[in-house]
């Protein structure tokens, strides 16, 4: 066991090495939402004040938002703050809660693995022609950026990361002391085990 020295804050504590890499990216990536707001404001001003709409804002903001939401899933798993039915979760003993955590982690791992597999076919079509020649899928608009291919690749990478994160989380929950509180109590103090 080794200590992860990031300190505790309102964003949670990463519990494994992969999560320790992903969690600190949350704040910088969240700034992208500010850019989306700025770009959208710029588009509104250009369109309605100067009657000169842009051809790049809509596609750019859509792609940036898709990137943020794809990363958001991995971030929530990284800090172990994904959705739980707390009405049931809080009503059971720590021992049962531990096995619920194991089950949730394995179900999440399986779901993300299946979605990764399905997403790979989209990525393959977005990056290679049926003949095998490399080409990136573009939007087909007047601007025609390769954002569809990029977003599909980002989604694939995030789903693969979440698959590994859920697996590491399941291993951590299996190893943990059944009486150890990890949710709605005092979380693990930034400690993660090598899985």
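The values are calculated or read from the model by the stated rules, or taken from the named source; none is laboratory data. All values reported here derive from a predicted model rather than from experimental measurement. All Cβ positions, glycine included, derive from the backbone under ideal geometry; neighbour counts span all protein chains shown.
In the set (1) at pLDDT 90 or above; (2) farther than 23 Å from residue 139 by Cβ; (3) surrounded by fewer than 17 Cβ atoms within 10 Å (Cβ to Cβ), residue 42 fails one condition alone, (2). I'd like to verify a number: residues in the stretch 84-100 that are out of contact with any helix residue (DSSP H, G or I) (no Cβ under 8 Å at 6 or more places or on another chain) and in a loop (DSSP other than H, G, I, E, B), how many? Going through the stretch 84-100 one residue at a time, the tally reaches 4. Scanning the stretch 128-156 for residues that are crowded, with 16+ Cβ neighbours inside 10 Å and either assigned to a loop (DSSP other than H, G, I, E, B) or within 15 Å of the chain's Cα centre (by Cα) (or both) yields a count of 9. Would a scan of the stretch 77-90 turn up a residue that is buried (at least 19 other Cβ atoms within 10 Å of the Cβ) and more than 24 Å from residue 158 (Cβ to Cβ)? No.
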